1. Sketch the reach of a paramagnetic label on A:R115 as a point 7 Å from Cα along Cα-to-Cβ, and name the residues of region A:239-256 whose backbone nitrogen lies under 12 Å away.
2. Set the Förster radius R0 to 56 Å, insert the Cβ-Cβ distance between A:Q444 and A:Q182 as r into 1/(1 + (r/R0)^6), and round the FRET efficiency to 0.05.
3. Rounded, prolate or oblate: which fits region A:338-451, taking a ≥ b ≥ c as square roots of the Cα gyration tensor eigenvalues, rounded meaning a/c under 1.5, else prolate when a/b beats b/c?
4. Which of the trypsin sites (Lys or Arg not before Pro) across region A:308-349 are loop residues per DSSP, with 15 or fewer other Cβ within 10 Å?
5. Not counting the cut sites, what is the longest span of chain A without GluC sites (Glu not before Pro) that DSSP labels loop and that have at most 10 other Cβ atoms within 10 Å?
6. Place a label point 7 angstrom from the Cα of A:D435 along the Cα-to-Cβ direction, then list the residues of region A:371-411 whose backbone nitrogen is under 16 Å away.
7. So, in Å, what gap is there between the alpha-carbon centers of region A:77-132 and region A:433-499?
8. Under a cut-off of 27 Å between alpha-carbon atoms, report the lysines in cross-link reach of A:K374, not counting same-chain residues fewer than 8 places apart.
Amino acid sequence: MNNSLLNNKFVVTTPLYYVNDVPHIGSAYTTMIADVLIRFQRLQGKSALLITGTDEHGQKIQRTAAEKGVATQEHCDRVVKSFETLWEKLDIQYDRFSRTTAQPHSAIVKEFFQRVWDRGDIYLDQQQGWYCVSCEEFKEARELTDDKYCLIHPNKKAEWRDEENYFFRLSKYQPQLEKIYQDNPDFIQPVSRRNEVLNFVKQGLKDFSISRLHLDWGFPVPTDPNHTIYVWFDALLGYVTALLEPGQEPNLENALAQWWPINLHLIGKDILRFHAVYWPAMLLAAELPIPGKVFGHGFLTKDGHKMGKSLGNTLDPVALVDKYSSDAVRYYFVKAIELGKDGDFNEHRFIEVLNADLAKNLGNLLNRTLGMLKKYCQGNGPQLTAADYPEDHPLKVIGKNLFHKVTKAYENLKFKQACEDILALADASNKYIDDGAPWSLFKQGKQAEIEFILYAVLESIRLSAYFLSPIIPNLSNDIYHQLGFDLDFNNKNQISQPAIFAEHSQWGQLRANQNLNKARPIFSQLELSSGN
RNA sequence: AACAGCGUAGCAUAACGGUUAAUGCACCAGCCUCAUAAGCUGGCAGAUAUGGGUUCAAUUCCCAUCGCUGUUACCA
């Protein structure tokens, strides 16, 4: 494998969301994070691929559709539409939307199943246990009352079932998995999640069932059409199907040729085990390389409380974006929450964070500087370049160090850190203006000194906007536009050119006599609406 | 219940066992005026959950208590 090619590609996945209901804030959170990361990869000129999508099979989906009185596929299509709408509102630039009901997927699932089957890692066995018809699940003894009533459905007695299921030989892969965890300490992140998995695996892995009888919304088991493939041998393979080029013959060879292995599976902590244990084992069984990393982020709370439909305190992502804009929502979730830990959404804090960083610090900085340029320099960009500034110039120093800091932060998924590093430049710029006091210099007729200050500040704003563009692409566009650039951070092809990164990621790119545009506040301060 | 992790100023975070526990936001005061009353300077505030122990020295290590969170397999 060509090494430079390997280093130059980056594939991230979000989970393939279950289409039981419209997207919730948790799905939006994961997807925003994934988009920020992929945008940064793209900015660096890497071949970057963001995969998202939906998992659409299973009895629950079938039942939900029936309750709504629509055909199952129709229900899926509607929910998918709501996902697509939200991703558009949030400026998510996904490259592939993988649906498990899409045509090519069945061929991939079938081939993968066959491959594992041929290696003898799938076998037929009896699944025995107490089954709650209402839950449609086998229950452990502790999930039932002493006389075998379901705890969730106290008036339903569980039935004893003894049915055939196909099983995947997960137990066989325990030693190999443990070696993988040992050899790749970063495979599961953050560390707390890794420990969870290690602990779990150490207790001994049991084979898990991968088929169901009496389920028709799904793919039949290739070797036994009475059975339907259940969840993991279907949904997880959606990541593979996503790698096919549109119109390409759907087979594993084609799917895996260009992008495999996936660099990062970004997931919520609820599905950690399936990605960190089941999935690598399945890939080992199929003799395929495993993904580079699985990152399980935390959950969101609202005002310190767990969110839930039954609790009636959910946070509707659509309403939130409509109220505050995509950039605001993206910024809050990226900057105000430590990825990997549980985070809280609180509207008061939301407004404080956005006002402090985007309106007062960065936004106002741009506005005041352009204002001075207009007043003191007739709006003409200073005839200066980076070479006119000594190496120890306060803003130049920070600007030059920023590249290294920010790149490292983004690559380690320390988005909060990245924001803080970038904002530090805006902070320093505000100080720098006050130290220089251009308004005094103007009265003294020191034109050159004014221009010297303003160029350095404008250039620092530009650099900040560039590095923030994966997070707040629209505001970055706005800033760039006011600074006289026509770069569009939402234009994938344009911003992914390595030459642009080489230039724009460095301090000192503002050109002499840049064609500056009219100053206009980029982000108005938000107010907490009454009634909250 | 068992096992694991966490508990630092109003909020969010930081501190290889070692100076008066750091930073941002919020708040208060002063200064400035180019600007979205924004900016700058200064200030406020913590017995680092509680109680013990180890150590010359503990936010950091050990034990207990309280509180919160996670895991305990087929949950999307």
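A short reminder: the numbers here are calculations on the coordinates, not readings from a lab. Keep in mind that this is a model prediction, so the values were computed, not measured. Reconstructed Cβ throughout: ideal geometry from the backbone, glycine too, with neighbour counts over all protein chains shown.
1. Counting only backbone N, you get A:240-241, A:251-256.
2. Numbers: r = 68 Å, r/R0 = 1.21.
The pair A:Q444/A:Q182 has a calculated efficiency of 0.25.
3. Numbers: a/c = 3.28, a/b = 1.69, b/c = 1.94.
Oblate is the answer for region A:338-451, as a/c is 1.5 or above yet b/c matches or exceeds a/b.
4. On the way: sites: A:K309, A:K323, A:R330, A:K335, A:K341, A:R349; in loops: A:K309, A:K341.
Answer in residue order: A:K309, A:K341.
5. On the way: sites that count: A:E140, A:E287, A:E391, A:E527.
The longest uninterrupted stretch comes out as A:141-286.
6. Hits in region A:371-411 for A:D435 at 16 Å: A:389-401.
7. Answer, in whole Å: 45.
8. The qualifying lysines are A:K360, A:K396, A:K431, A:K443, A:K446, A:K518.
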